[in-house]
1. Could you pull out every residue, at least 5 positions away or on a different chain, whose amide H is within less than 5 Å of the one on THR24? Hs are placed 1.01 Å off N in the peptide plane, and Pro or chain starts have none.
2. Would you mind giving the average projected area, over all directions, of the Cα convex hull of the stretch 14-132 in nm² with one decimal?
3. Collect residues whose amide H, placed 1.01 Å from N in the peptide plane, falls under 5 Å from the amide H of LEU138; neighbours closer than 5 in sequence don't count.
4. In what sequence, largest accessible area first, do PHE8, PHE62, PHE45 appear using a 1.4 Å probe?
5. Mind checking the stretch 23-121 for GluC sites (Glu not before Pro) that DSSP puts in a loop (not H, G, I, E or B) and that have at most 16 other Cβ atoms within 10 Å?
6. Got a number for the accessible area of ASP31? Probe 1.4 Å, square angstrom, nearest 10.
7. Determine ³J(HN,Hα), in whole Hz, for all residues of the stretch 18-24 in sequence, where each value follows from phi through the Karplus function 6.51 cos²θ - 1.76 cosθ + 1.60 and θ = phi - 60°; x replaces Gly and Pro.
8. Using alpha carbon centroids, what distance separates the stretch 1-79 and the stretch 103-150, in Å?
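The values are calculated or read from the model by the stated rules, or taken from the named source; none is laboratory data. It should be emphasised that the depicted structure is a prediction, and the values quoted were computed from it without experimental measurement. In this analysis, Cβ positions are derived from the backbone assuming ideal geometry, glycine residues included, and neighbour counts consider all displayed protein chains. In case anyone asks, the SASA skips ligands and DNA or RNA and just uses the protein heavy atoms, side chains included. Shrake-Rupley method; radii C 1.70, N 1.55, O 1.52, S 1.80 Å.
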Amino acid sequence: MSGWGKSFHGQAILETAIPEFVSTVVLDYKDEYRGLVKAGLLDFFIVGPREAEWSVDDWRLFLQSNPTVVLARYQLGSDAWREVSANIIEAARGHAGPGYPTLIAVDEAHIAAPEQGKVPEATKNLATTGRGEGASSLWMDQRASALSKDVLTQADETIIGGFKEKTDRNALSVEYPVDVH
């Protein structure tokens, strides 16, 4: 649910997690994670039409020089963001591994990994096999029913709140106490 505090709680979780990783990449769909930059935990970079043209190798080079970064979407539609996110995910996973633990946080995860439509292979692989390769992920979303089942069913932990829509509650694998809200 909008206004529940997803971005606030996501930043709090990231603040705790970032020190455990050598590399952290936050895919910031709505430019809501600058608090991590202001706190000195991560650097900031805008991803616009020029960067949307970058290859996986271009992103790999960028992430080698900027291993801890918030990447904020700028002037890109959802489809373009989904594709550039997949390239960034593939690049970040490419250097993750023993001795180089990587955290990839995906805000508005239903855009990068939608339930309806095609989820890029790199994005699906982050959710399904990333952890075994040294890449942990944090998927943040307020629409559980719009998020790919490949992502939703692979979650080790789920923090939930503010789900008023029955379709979103039905997508969860836990009982949700509606009367809390």
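1. Amide H to amide H, under 5 Å and 5 or more residues apart or across chains, THR24 pairs with THR68, VAL69, LEU103.
2. On the way: hull surface 27.8 nm².
Quarter of the Cα hull surface area: 6.9 nm².
3. ILE104, ALA105, VAL106
4. Working: PHE8 150, PHE62 25, PHE45 50 Å².
Sorted by accessible area, descending: PHE8, PHE45, PHE62.
5. Numbers: sites: GLU32, GLU51, GLU53, GLU83, GLU90, GLU108, GLU115, GLU121; in loops: GLU32, GLU53, GLU108, GLU115.
Passing sites in the stretch 23-121 are GLU53.
6. Around 60 Å² of this residue is reachable by solvent.
7. Residue by residue, the stretch 18-24 yields 3, x, 7, 10, 6, 10, 9 Hz.
8. First find each Cα centre; the distance between them is then 15 Å.
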